[in-house]
Amino acid sequence: MAQRPTKDSKQSSAREERPPIVREKAPPLAPPRGRPTLILVGADKGGVGKTTIARVLLDYLAANNVLTRAFDTETPRGTLYRFHPDQTSVVDLTSTSDQMKIIDTLATAEIKVSVVDVRAGGLEPALQALQDTGFLEAVAEGEVGFILFHVLGSSIASLDEIAEVAPYVEDADYFLVKNHVNDTTFFEWDPVTHRKYFEKVETAGEITIPKLNELSYEQVEIAGAPFSTFVANRTAEGEPADHSFVLRGYVRTWQNRIADEFDRIHLLDRIAGREGA
């Protein structure tokens, strides 16, 4: 006669037959660490909105969980530092010691993405310093990523800047940025002028920054907070604020349109060094 299973053997059998519990892994706090990437936002002409673009870029990267550090080269008190003090250091790019703070730590810093807001008139000297230190050679060898957002003005002087920048960006992701935030009107380049300035430089494309409602921009400036913090109705210190619903809506829509531009150029893929970006 077959023995009836005891209570203990039933429980043991049930435990053996029960499928194992599969626990899902928690999502990573940030994308996997890859090669270090340096992003320069600059122009030699002043008043074209370089810092505004650096600010919205930091917001975009933060929204996509990309840990970023920033450097403001407008010494001694930088505008970028005013809006993003927790992640920004003020440096002097003409100083060798400050160049070391940026370049020497690219590979060793815990944060792999560095955004540099280049002061007016400092773009060509900054690129020359990157060449003299061997950084551009490291870019050519694929050791580091290099993205340049060249913010254009509406005059012919910006075309001269393109010619000056060309020798330094052969291995960079070089973008021309048209910033309409200050109601700038850009002239159309005729074919002869276009060939004269563009035949020796290969760009990764153009980015258009749309105009932001004037009152919204003014209120963000008064608040002294990042655009994303203003939209979240918070003060620069993170406390609840009483910002206008309408103005916050304008800023949110503006940010979304810029995010679409960054998505269109596959910015996150370029930072990660993914092929086909």
Check: How many residues, within segment 74-116, are assigned to a helix (DSSP H, G or I), touching a residue at least 60 places away in the same chain (Cβ under 8 Å) and not hydrophobic (A, V, I, L, M, F, W, C)?
Finding: 1
Notebook entry, point to check: Does Ile162 satisfy the criteria of being touching a His at 6+ places or on another chain (Cβ under 9 Å) and at pLDDT 90 or above?
Noted result: no
Notebook entry, point to check: Do you know which residues across segment 34-51 are outside any loop (DSSP other than H, G, I, E, B) and open to solvent by 10 Å² or more (accessible area, probe 1.4 Å)?
Noted result: Lys50, Thr51
Notebook entry, point to check: What number of residues in segment 67-83 are closer than 21 Å to Ile271 by Cα and out of contact with any strand residue (DSSP E or B) (no Cβ under 6 Å at 6 or more places or on another chain)?
Noted result: 1
Check: Conditions: (1) over 29 Å from Leu136 (Cα atoms); (2) aliphatic (A, V, I, L, M); (3) at pLDDT 90 or above. Val192 meets all but one. Number of the miss?
Finding: (3)
Next item on the list: Please state which one of Glu221, Glu239, Glu261 is within 19 Å of Leu57 (Cα to Cα), out of contact with any Gly (no Cβ under 8 Å at 6 or more places or on another chain) and surrounded by fewer than 16 Cβ atoms within 10 Å (Cβ to Cβ).
Entry: Glu221
Next item on the list: Scan (1) at pLDDT 95 or above; (2) open to solvent by less than 40 Å² (accessible area, probe 1.4 Å); (3) not small (Gly, Ala, Ser) for the single condition Asn256 breaks and write down its number.
Entry: (2)
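Please work out if Arg274 is open to solvent by 50 Å² or more (accessible area, probe 1.4 Å) and part of a helix (DSSP H, G or I).
Numbers: open to solvent by 50 Å² or more (accessible area, probe 1.4 Å): yes; part of a helix (DSSP H, G or I): no.
Considered against the rule, which asks whether it is open to solvent by 50 Å² or more (accessible area, probe 1.4 Å) and part of a helix (DSSP H, G or I), Arg274 comes out as no.
The values are calculated or read from the model by the stated rules, or taken from the named source; none is laboratory data. Please read all numbers here as calculations on a predicted model, not as lab measurements. Methodologically, a virtual Cβ is constructed for each residue, glycine included, from the backbone with ideal geometry; neighbour enumeration extends over all protein chains shown. Quick note on the areas: whole protein, heavy atoms, side chains included, nothing else; ligands and nucleic acids left out. Shrake-Rupley method; radii C 1.70, N 1.55, O 1.52, S 1.80 Å.
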